[in-house]
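All of the numbers you see were taken from the coordinates with simple rules; none came from a lab. What you see is a predicted model; the values in this text were computed from it and never measured. Here the Cβ positions follow ideal geometry from the backbone for every residue, glycine too, while neighbour counts run over all protein chains shown.
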Amino acid sequence: MQQQERELQGSVTSQWIKKNFQYIPPAFITLILLVGQLTFGILDSYVNLVVAIATSILAEMILARFVLGTTKNLASAYITGISVGILIRSNVIWPYFVTALLSIMSKYVLRYKGRHLWNPSNFGVSWMLALSTMSVAGLSTQWGSNFAALSVIWILGLIIVNRAKRLHVTVTYVTSFIILAYVRCLITGDAFLAELSPLTGPMYQLFIFFMITDPPTSVSTKKGRIIVVILVAIVEFILRLNHSIYAPFYALCLVGPIAKFIDLKMTAPKEQPHSVGVLATK
Amino acid sequence: MPKKTAQVITAVIFVALLAVTFIASRNNRGTTAGSAAYTVEKEAALKKYGFYLEPVNEETGIHFRHICPDVDPKVSNIKMQIASLGASAAVCDFDNDGWNDIYFTNSQTGSMNALYRNLGNGKFEDVAAKVGVADVNIKSTGVSMGAVWGDYDNDGFKDLLLYKWGKAELFKNNGGKEFERVTEESGLPGWANINSAIWFDVNNDGLLDIFLGGYFKEIFHLDSLNTTKIMPESFKYANNGGRNFLLKNIGNGRFKDVTEQYGLTTTKWTLAAAAADFNGDNFPELYVANDYSVDEFYVNKNGEAFEETGSQAGIGRIPKSGMNASFGDINNDGNPGIYTTNITEKGILIQGNNYWQPKNGDMQAPSFVNLAQLSGIENAGWSYGAQFGDLNNDGFMDLYVANGFISARENTSYWYDYSKVTGGNSNIIGDAKNWPDMEGKSQSGYEQDKIWLNNSDAIFEDVSGRVCPPATYDGRSVAMADLWNRGVLDIIVANQNNIPVIYKNTAANNNHWVAFDLQGTASNADAVGAKVQVEWDDKKQVQIVTGGMGFSSQNQHRLHFGLGESNKIDQVTIYWPSGRIDKIQSPAIDKLHIVKESQQ
């Protein structure tokens, strides 16, 4: 009897999680932000974050209504906004507004067969960082050395990407990064830990749990996703050898859309209704 | 709205946003410290800005050259990172002949420090060896990082505190003729890696006390290490730097370590400090600028303890790379703010410098607002020392900021390598052996020093390179002084691993000035902590006598006020640390006034 009750409860919980899974990634990225903010005060200003999130959500609401003629779950826009708020560093407010706006707009402009090609925040952040201005820099420093906080983020992140059936993407990327970091250290003569070091920073936590796992901009097959993420790691490797600080963003920005385009060309019907993936778009 | 129309409008806005951001980014590429193409014409500068700064090293006979400190071969991969400190300049009229002299520190073992005595005829003579303050960089006591002058025994002659990666040294000034090393009996601490020091009277007992700011941990001898784990544990949240020291002057040339008693126990990576009374109780508050962390603001509790209120005060919330602390009343409201420098490297690290303007309100708990962006003095480069001073005597304090970290091979950059380790975990960043070899690369090198002209009420114009020839050394320490007693502020910049630059200021305008040299009686003899408020032509400017401020630097002791074209001062009020207040009605202009604290 008790076992039946436990099974029933487990089933109910499982169904609840399945039904509401779209809210888990936003909750997780909020948790990352809270851990960073409460332990180290990572945000220079709450205003910047609010501007980024508000811009993303408003842009999503307006563009979905007028461009697609529909309404959309705003979890994706929220993640885009929060990602921009964390990944962009500026002493002025306008980059948060512009980056968030560019990110969301890219979903509605850069499309093929009814699907967007770029991960939104990856597009916006990459564009702003590539301009190399006096107003914008990227998040390139660590959030301190709190291993407990880091462990919580990694464990939860892995559980969530596993649930979203994207664990193979994260694991493949991390494995590729480590192998290629070793190759880089052989080439550059720098310490292996120096090459591995970026992986321990917050920029990569957002990258591997939110950007490269983004279902709407991933290709359709598991094998394809593994190949694509290896290609991302290889392009990043080449960019790093050329001293590109924001190599992972640029690599995904270059490889991701091409892969998605080929995938859509090969597999997708001519036009599909716009959809939001399980892990939502960032 | 039809979907098609919405799609077209969205696409147009999207493309426009891309175009605008692209064009804007190209347009502001020239505003960074390192890339501006400057044209300098003296006559044009004089006509437009009313002053011109001319390098006069040769004419003055100042041939000093700084040499960076040695570091252990175990950390040779980042030698230039570690050995990037030590060039400093401190101004003082050490022999009381009425002419400002300059002391430069050197940092290689065996190198000589220099004391350039102002001969009054435009020439300077290095008398350091003759008076006993040259040969101070020796293996057993370490190498110089900076120096500050202060009359600790109130005998009317300023003594020399030399701080080191090693043992800090105290030299007593015997009548301006010679210096006597009194370190051993003074009670100064043993080995520590000190990169900032100031004199201030923490309890207003009339005796100058000492603050020493530690950078690397005191257990390390950087030229002979037994570990490579010497680096900060974090780029933004490091607490594994050297300890600070508060040394209370207990008279008879002795100092007592009261650091713990006064609550200055943090171990951040301190690079600068400055002290002034911000809450009107006459006791000086202490501002501590920290690298790899937040800055700290210590409120003085009746001279008996300090309370750190940086977060509540607004200055300790965002961790940056604090490298300077200097005071300036940029909007003539009688409330000097604090300028702190950090790092700005376009597209990579945009920290921005801060100008902390005191807010009106709770006097017991001072708080500040950052006006650097509004004033246009935020982004300079990899900044170190900065000083305010009215360079064209128009009545508004201008700003000079020394820039540049490591100028090695041209057109190379260590920033990518740097970003790898600074983004990593403490076990990685904290160990020098993990840092990629610099291989002679530059990092924020060849940056132009910034000169900002205050056009009125704290609105600054960047005139870098337009009022002097380009200066792209690795600037560290900035000091301002009237070196030729002409009523204008000249500038001395000490550059790392290079020559200093002595800028002679040529003013070509009808502006007036006044200067005050204060002598305490009930207060400490140097009047450190005194405030002078000059009121003229509906303006009110306050300056503070300090025992060192900026980065490893000390301005002239006298306070210099530009008056614009006004030929009359309404009133001057002097607030002495003792609590006494002296007022001078309509003092003569274009004159240095030597003012002794009144016997009330």
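So here's what we get for this one:
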| item | result |
| --- | --- |
| Pairwise label distance in nanometres, B:Glu41 with A:Ile187, each label 7 Å out on the Cα-Cβ vector | 5.0 |
| Assigned charges on the beta-carbon of Lys, Arg, Asp, Glu; the protein assembly as shown dipole about Cα centre (debye) | 5520 |
| Debye-sum result for segment B:408-467 in log10 I(q)/I(0), which assumes one identical scatterer on each alpha carbon, at q = 0.18, 0.19, 0.25, 0.31 Å⁻¹ | -0.72, -0.74, -0.97, -1.18 |
| Relative counts (whole %) of C-alpha pair distances in segment B:118-205, using bins that are 10 Å wide | 16, 46, 30, 7, 0 |
| Theoretical gain in end-to-end length, B:Ala16 to B:Asp457 [0.36 nm per residue, Cα-Cα removed] | 155.1 nm |
| Charge sum, other residues only, whose C-beta stays under 13 Å from B:Gly176's C-beta, Lys/Arg counted +1 and Asp/Glu -1 | -4 |
| Chain B: DSSP helices with Cα axial extent of at least 30 Å and average Kyte-Doolittle hydropathy no lower than -1.0 | B:3-27 |
| For segment A:128-137, Karplus couplings with θ = phi - 60° (6.51, -1.76, 1.60), whole Hz, Gly/Pro x | 5, 6, 5, 5, 6, 9, 7, 9, 9, 9 |
| Computed [θ] at 222 nm, helices only, for chain B once each DSSP H run of length n ≥ 4 contributes -39500 (n - 2.57) | -3000 deg cm²/dmol |
| Shielding score for B:1-11, defined as the mean number of other chain Cβ atoms within 10 Å | 4 |
| Which of B:Cys92, B:Cys468 has the fewest Cβ neighbours within 10 Å, and the rest in rising order | B:Cys468, B:Cys92 |
| Label-to-label distance, nm, for residues given as B:Glu260 and B:Thr109 (7 Å Cα→Cβ offset) | 3.2 |
| Dipole-positive endmost among B:Gly395, B:Ala273, B:Ile13 within chain B (Cβ charges, Cα centre) | B:Ile13 |
| Dipole of segment A:142-263, positive end: most advanced residue of A:Ile227, A:Pro202, A:Thr175 [Cβ charges, Cα centre] | A:Ile227 |
| Of every Cα-Cα pair in the protein assembly as shown, the percent that sits beyond 41 Å | 39 |
| Residue-count net charge about B:Met323 - beta-carbon cut-off 15 Å; Lys, Arg +1, Asp, Glu -1 | -3 |
| Exercise: per-residue mean of other protein chain Cβ atoms within 10 Å, B:347-354 | 6 |
| Hypothetical label at B:Asn510: residues of segment B:386-403 whose amide nitrogen lies under 20 Å (7 Å Cα-Cβ projection) | B:391-396 |
| Alpha-carbon gyration tensor eigenvalues x 5, square-rooted, for segment B:380-444, Å | 35, 15, 8 |
| Farthest toward positive dipole pole in chain B [+1 Lys/Arg, -1 Asp/Glu at C-beta], among B:Asn290, B:Gln554, B:Leu119 | B:Asn290 |
| 20 Å Cα-Cα reach of B:Lys3 towards aspartates and glutamates, excluding residues that sit fewer than 8 places from it in its own chain | A:Glu60, A:Glu271 |
| Length released on extending from B:Asn226 to B:Glu184, taking residue separation times 0.36 nm less the Cα-Cα span | 12.4 nm |
| Ranking of A:Leu33, A:Leu158 by count of other Cβ atoms within 10 Å, fewest first | A:Leu158, A:Leu33 |
| Residue-averaged beta-carbon neighbours from other chains (10 angstrom radius) around A:194-203 | 6 |
| Distance (nanometres) between label positions extended 7 Å along Cα→Cβ at B:Glu54 and A:Met266 | 7.4 |
| Unit charges on C-beta of K, R, D, E only; dipole of segment B:282-421, Debye | 460 |
| Nearest-0.05 FRET efficiency for B:Gln585 and B:Glu304, computed from C-beta distance (R0 41 Å) | 0.65 |
| Centre separation in Å (Cα based) which lies between segment B:135-214 and segment B:298-329 | 23 |
| Sorted by Cβ neighbour density within 10 Å, fewest at the top, the residues B:Val91, B:Val56 | B:Val56, B:Val91 |
| Isotropically averaged projected area of segment A:20-266, using the convex hull of Cα atoms (one quarter of hull area), nm² | 12.9 |
| Under 14 Å, Cβ to Cβ, from B:Ile9 - net charge with Lys/Arg +1 and Asp/Glu -1 | +3 |
| Distant-in-sequence amide H partners of B:Asp537 (H built 1.01 Å from N, under 5 Å) | B:Asp570 |
| Cβ-Cβ FRET estimate between A:Thr175 and A:Ile258, R0 fixed at 25 Å, reported to 0.05 | 0.65 |
| Cross-link partners of B:Lys4 among lysines (Cα-Cα below 22 Å; sequence separation of 8 or more within a chain) | A:Lys72, A:Lys107, A:Lys113, A:Lys270 |
| Efficiency of FRET between B:Leu374 and B:Asn335 - r from beta-carbon atoms, R0 22 angstrom, step 0.05 | 0.90 |
| Cα centroid separation - segment A:79-111 against segment B:380-399, whole Å | 36 |
| Lysines with Cα under 21 Å of B:Lys48, excluding same-chain neighbours fewer than 8 positions away | B:Lys450, B:Lys504 |
| Residue with peak Gaussian network fluctuation, chain A [Cα springs, cutoff 10 Å], from A:Lys165, A:Lys260, A:Lys223 | A:Lys223 |
